[in-house]
Amino acid sequence: MEYKFKAEVKQVLDIVINSLYTDKEIFVRELISNASDASEKVRFAKLSSDKKIEDGELKIKLALDDKEKIFSIEDFGVGMTEDELVQNLGTIAHSGSKAFVEALKESNGNVSENLIGQFGVGFYSVFMVSDKVEVFTKSEGGKALKWSCAGDENFTIEECDKAERGTKIVAHLKPEYAEFASADRIREIVEKYSAYVEFPIFLGDEELKTRQAIWLKAKSDITAEQYEEFYKFQAHAFDKPLDWLHFKADAPVELNALIYIPSENPERLGFGKTECGVSLYCKKVLIDPSPKNLFPEWMRFAKGVIDSSDIPLNISRESMQDSGLIKKLGKVVLKKFIKHLAEMAKKDSEKYDKFFKKFGVFIKEGSAMDLENRTELEKLLRYESSLYPDGEKVSLDDYVSRMKESQKEIYYACGADRKTIESAPYLEAFTARGIEVLFFYDGIDPFVAGHIGTYKEKQFVSIDSGDIELPDAPKPDATDALADSDLTELKTWIKSTLGDEKVAEVLDSGRLVDSPVAALNADGITPQMRAMLRAMNPDAPMPAPAVKLEINPRSPVIKNLDTLKKSDESLAKLVLEQLYDNALLSAGLLENPRAMANRLNEILARVKS
Ligand code: ADP
Ligand code: MG
């Protein structure tokens, strides 16, 4: 008997055939998920009627014929009656699964949400790749029927021979889509999209590998080994995950999420930029393996799955990415994930340390770039500090809580490692006053501090910046120091001897304790930035930075320099240049250490015993 599609079906068919999905391969996913739904319905019906399902009764069989260019799929699910064929495959706004669930709801009021169908256009996607589609189907105790359509406005239904309950769909592929009759191609597609279908899938005699969708199970039903095993499969990883977060939400969107933190950060090992490995599923069926706009950039280290049955009908991957839903999903999961990290930091600091060592750089990136979450992320930052031994880290909250009332700023020191920072002259003034200083070892730390600007209204300030006023600076012991008039003269001499290019200003300050001189950053370019500029353009000459040179009038070296200036000015000049280079070296700003060695030899040769 011949039927006409409802007008809107024809429209949808045209859309589906022509444009909706760019990935033609998803028709396999749609047909498998329908077969799975139909099988699920049998299981459910039998469960509620005490009939047992035989082992192997519910499977999904794929068969290919590459000569005839045929893709076919068979299930042993509920099948369809003639009315259902007309209704389910002939009208669009109707989801058979939905009607089924409603019917069951009325009968016993207790229905698994799993039964609700996939996408409204699901079945029609087969017309993207087919000239002609035949559906052979038989419901429990019903007639065997053949539905047939060539993608135009008509379809026919007639009786046929079919012994077993269930549905077989035969797709006659368009010549340009012959690839879907190739076993390798189909194996690949099933692995990609349908790895979590509950029923065994056969391709000919070969059983394809499928897995359990553990993210939909209760936490208590999953062992650590299962979590780890799933991670390896999902993230294509070989390592064990460092940690994972598994949760379910109902509002504002329904979702199940299982998010993993890997144990290694490939970016840190010098591989290129990582791509976020959190895939989007709708009821176990893959929608998008790496959805754009799900998370902010810094979350790209995360792996796992988000499954939401709220994903709307007939959506393509492209329009999915623009939809507000994906942002909503991402937001819910991200909020929970950040909270999870905060809890880890509180309850399992050892694990958090491990995490931060590998992935702290992403938390830093987020603190600087992710305006929406930065407040929470800043709390997760950790740094070594002058008050704690090597390897121990503190948070900004720790730091601020220890600040004396008079301290207005958060002080940090940049350097490749602890030794470098501790051997530079800047720290001593802070240590002497018991002021804590954070140690920034990472090139991006000062940038991040610059982006954060203030934490709890305290500004970040580098200890080598020129204009720090230490709150409780003890009055320098003047008795031992160079006389004021000598000092003024010495400063003028230093400035003119070294020249404006090298020194912007000569200062005497109370902050130096033991060191004779210190170079303070005058142009705001940190040594890290200089190193970066140099790396970017190695051939361009990089002049020594103009620094603020701070001298310590109490230091015997400075006092000797003053004496030497009066007796042997040319030697005093050499010594001054040497002191200047020493200061640059400590500040990590010395460009040419060779000159320093030669000069030192000259000085030694001229020193009279
Ligand atoms: P959805 O799966 O979202 O309901 P589809 O377009 O994929 O939408 O399928 C439409 C309807 O056709 C299904 O709801 C179901 O009732 C019916 N159907 C499709 N495939 C099968 C099948 N293999 N067995 C039984 N019914 C099917
Ligand atoms: Mg479907």
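The values are calculated or read from the model by the stated rules, or taken from the named source; none is laboratory data. Note that the structure is a prediction, hence the values are computed from the model and not measured. Note: ideal-geometry Cβ built from the backbone for every residue, glycine included; neighbour counts use all protein chains shown. Only protein heavy atoms, including side chains, enter the accessible area calculation; ligands, DNA and RNA are left aside. Shrake-Rupley method; radii C 1.70, N 1.55, O 1.52, S 1.80 Å.
Mind giving me the FRET efficiency for T156 and A45? R0 is 30 Å, r the Cβ-Cβ distance, nearest 0.05 is fine.
0.55
When the chain is fully extended, how far beyond the present Cα-Cα distance does H451 get from R530, taking 0.36 nm per residue of separation?
Between H451 and R530, full extension yields 26.6 nm more.
How far apart, in nanometres, would the label points at E206 and E68 be if each is projected 7 angstrom from Cα along the Cα-to-Cβ direction?
2.1
In Å, what is the Rg of the alpha-carbon atoms in the range 416-474, and how long is Dmax?
12.1, 34
Expressed as cubic angstrom per residue, what is the convex hull volume of the alpha carbon set of the range 352-405?
Hull volume over Cα atoms, normalised by residue count, gives 88 Å³.
Kirkwood hydrodynamic radius, computed over distinct alpha-carbon pairs, for the chain: how many Å, to one decimal?
Roughly 29.8 Å, rounded to one decimal.
So if I take the centroid of the Cα atoms in the range 385-419 and the same for the range 238-254, what is the distance between those two points in Å?
Using only Cα atoms, the two centres lie 33 Å from each other.
Any chance you could look up the accessible area of C160 with a 1.4 Å probe, heavy atoms only, rounded to 10 Å²?
Number for this one is 30 Å².
Find how much the distance from K495 to K52 grows on full extension, using 0.36 nm per residue of separation minus their present alpha carbon separation; answer in nm with one decimal.
Fully extending the segment from K495 to K52 adds 149.9 nm.
Can you work out the Karplus-derived ³J(HN,Hα) for every residue in the range 546-551? Use 6.51 cos²θ - 1.76 cosθ + 1.60 with θ = phi - 60°, whole Hz, and x for glycine or proline.
Coupling constants for the range 546-551: 6, 10, 8, 9, 9, 10 Hz.
So what's the angle, to the nearest 10 degrees on a 0 to 90 scale, between helix 556-567 and the longest Cα principal axis of the chain?
Roughly 50 degrees between the two axes.
Among the lysines, which have Cα under 17 Å from the Cα of K404 when same-chain residues fewer than 8 positions away are ignored?
Leaving aside lysines fewer than 8 places away in the same chain, those within reach of K404 are K456, K458.
Can you give the direction-averaged projected area of the convex hull of the alpha-carbon atoms in the range 538-603, in nm²?
5.3
Compute the length gained on full extension between F233 and K6: take 0.36 nm times their separation in residues and subtract their Cα-Cα distance, giving the result in nm to one decimal.
Taking 0.36 nm per residue and subtracting the Cα distance, the gain is 77.4 nm.
Which of rounded, prolate or oblate describes the range 203-284 when judged by the alpha-carbon gyration tensor and an a/c cut-off of 1.5?
On the way: a/c = 1.63, a/b = 1.16, b/c = 1.41.
Note, shape of the range 203-284 comes out oblate.
Evaluate 2.2 N^0.38 Å with N set to the residue count of the range 346-474, then give the Cα radius of gyration divided by it.
1.02
Kindly write out, for the range 66-76 in residue order, the coupling ³J(HN,Hα) from the Karplus curve 6.51 cos²θ - 1.76 cosθ + 1.60 (θ = phi - 60°), rounded to whole Hz, with x marking Gly and Pro.
7, 6, 7, 6, 10, 10, 9, 9, 10, 10, 10
Give the range of the longest stretch in the chain that excludes all chymotrypsin sites (Phe, Trp or Tyr not before Pro) found in loop regions by DSSP and having at most 11 other beta-carbon atoms within 10 Å.
Formally, the longest exposed-site-free interval is 272-609.
Work from the charge dipole of the chain (Cβ charges, +1 for Lys and Arg, -1 for Asp and Glu, about the Cα centre) and give the residue of S567, G270, P446 farthest towards its positive end.
About the Cα centre, the residue reaching furthest to the positive side is S567.
Taking the 0 to 90 degree range and rounding to the nearest ten, how far is the long axis of helix 324-347 tilted relative to the main principal axis of the chain, both from C-alpha atoms?
Helix 324-347 sits at roughly 50 degrees to that axis.
Out of residues 5 or more away from E153 or on other chains, whose amide H comes under 5 Å of its own, with H placed 1.01 Å from N in the peptide plane?
Residues meeting the criterion, in which the H sits 1.01 Å from N, do not exist here.
Tilt of helix 349-369 relative to the longest C-alpha principal axis of the chain, in degrees (0 to 90, nearest 10)?
For helix 349-369, the angle is close to 90 degrees.
Pop a pseudo-label 7 angstrom from the Cα along the beta-carbon direction at both K24 and S485 and give the gap in nm to one decimal.
9.7
Rounded to the nearest 0.05, what FRET efficiency is calculated for A342 and K419 with R0 set to 51 Å and r the Cβ-Cβ distance?
Efficiency for this residue pair is about 0.95.
Please compute the modelled spin-label separation between T431 and K573, points set 7 Å along Cα→Cβ, answer in nm with one decimal.
Reported label-point gap for K573 and T431 is 3.6 nm.
Quick one: if the Förster radius is 56 Å, what FRET efficiency do A144 and L325 give, using the C-beta to C-beta distance and rounding to 0.05?
Result of the calculation: an efficiency of 0.85.
Keeping all protein chains in position, work out how much accessible area H451 exposes to a 1.4 Å probe, and write it in Å² to the nearest 10.
Using a 1.4 Å probe on the heavy atoms, I get roughly 110 Å².
Looking only at Cα atoms, what is the convex hull volume of the range 148-251 per residue, in Å³?
232
Within 10 Å of each candidate Cβ there may be at most 15 other Cβ atoms; applying that plus a DSSP loop requirement, which GluC sites (Glu not before Pro) in the range 406-460 survive?
Passing both the DSSP loop test and the Cβ count: E457.
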